[in-house]
Structures are given as structure tokens and as C-alpha cells.
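Enquirer: First the structure, which I've put down as C-alpha cells, then a few questions once you've had a look.
The values are calculated or read from the model by the stated rules, or taken from the named source; none is laboratory data. Bear in mind the structure is a predicted one, so any value in this text is a computation, not a measurement. Here the Cβ positions follow ideal geometry from the backbone for every residue, glycine too, while neighbour counts run over all protein chains shown.
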Amino acid sequence: MGRLSEIIQGSLEAHNAFMDRIEPRIYKTHPGAIIEREWRYYRNGLRGEIDFLVLHTDHWIFYEFKSCYRKSTAKKQYARFCQAYPERRIKGVYLGPEGCTRLG
């Protein structure tokens with residue numbers, strides 16, 4: 001395995017480990033909500049994947065995790081998701097090395 005694929009694999013493993021650690025907190029924070037992990041969408045000509053999507057009756061919450069400093073990527077993903085579902089009220093949350101931040 002080449003160095004780049006080792007880095008990518010290590011990054012993916014770190015990302016998934018972080019998701020495993022944070023998942024119980026999401027369930028505890030949103031009792032009774034429908035929670036989807038690694039949710040993929042294709043709508044209005046837009047596609048993407050969300051780490052966690054929490055479906056409440058009156059709004060959705062978009063969670064994106066980055067194991068490195070890529071908040072700008074998370075902001076772009078959030079904006080694209082909001083364009084795909086313009087009729088929904090969507091809150092965005094980014095979690096990364098620098099902490100937790102609301103998107104939008």
C-alpha cells in the first residue's frame with residue numbers, strides 16, 4: 001500500500017472512530033428523533049453524503065465531522081444540502097479538531 005492510501009485509510013479510520021464515539025451523544029441529545037448515519041442524498045440535481053442527519057418533525061439537523069481542519073468543506077456540504085431541500089428548515093453542525101460550530 002502506498003503512502004497516500006495509508007494516509008487516506010488512516011483518516012477514514014479516525015473519522016469513523018470519531019463518529020462511533022459521538023453517536024451515543026447524538027441519540028441522547030435528540031430523544032425520539034429519527035437519526036440516520038452516513039445518509040446519502042440525490043435531489044434537485046445535487047448529491048452528497050451527511051455523517052448524521054437528525055429528523056425532527058419541524059426541522060432537520062445536519063452533522064458533519066472532519067478529522068482535520070476542513071470547516072470550509074463542511075460549510076460547502078451544508079449549503080449544497082440546503083439547496084437540495086429548500087422547503088426544509090435545516091440547522092447545520094460542524095464538529096472538528098477546533099470544536100463544535102453551527103453552520104448557517
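Enquirer: Residue 18 versus (1) surrounded by 15 or more Cβ atoms within 10 Å (Cβ to Cβ); (2) modelled with pLDDT of 90 or more: which is the lone unmet condition?
Expert: Among (1) surrounded by 15 or more Cβ atoms within 10 Å (Cβ to Cβ); (2) modelled with pLDDT of 90 or more, residue 18 violates only (2).
Enquirer: Scan the stretch 24-44 for residues that are surrounded by 15 or more Cβ atoms within 10 Å (Cβ to Cβ) and either part of a helix (DSSP H, G or I) or over 13 Å from the mean Cα position of the chain (by Cα) (or both) and jot them down.
Expert: Those that are surrounded by 15 or more Cβ atoms within 10 Å (Cβ to Cβ) and either part of a helix (DSSP H, G or I) or over 13 Å from the mean Cα position of the chain (by Cα) (or both): 26, 30, 33.
Enquirer: Consider only pairs whose beta carbons are under 7 Å apart and that are at least six residues apart or on different chains; among these, list those whose first residue lies in the stretch 2-29 and is within 9 Å of residue 67 (Cβ to Cβ) and whose second residue is at pLDDT 85 or above.
Expert: 15/65; 18/65
Enquirer: A further question on this structure: Please enumerate the residues belonging to the stretch 58-104 that are in a loop (DSSP other than H, G, I, E, B) and either aliphatic (A, V, I, L, M) or modelled with pLDDT of 90 or more (or both).
Expert: Those that are in a loop (DSSP other than H, G, I, E, B) and either aliphatic (A, V, I, L, M) or modelled with pLDDT of 90 or more (or both): 58, 59, 85, 86, 87, 88, 89.
One line per residue, one yes/no per condition, for (1) more than 22 Å from residue 13 (Cα to Cα); (2) in contact with a helix residue (DSSP H, G or I) (Cβ under 8 Å, 6 or more places away or on another chain); (3) surrounded by fewer than 13 Cβ atoms within 10 Å (Cβ to Cβ):
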site: 46; (1), (2), (3): yes, yes, no
site: 53; (1), (2), (3): no, no, no
site: 60; (1), (2), (3): yes, no, no
site: 63; (1), (2), (3): no, yes, no
site: 67; (1), (2), (3): no, yes, no
site: 70; (1), (2), (3): no, no, no
site: 89; (1), (2), (3): yes, no, yes
site: 97; (1), (2), (3): no, no, yes
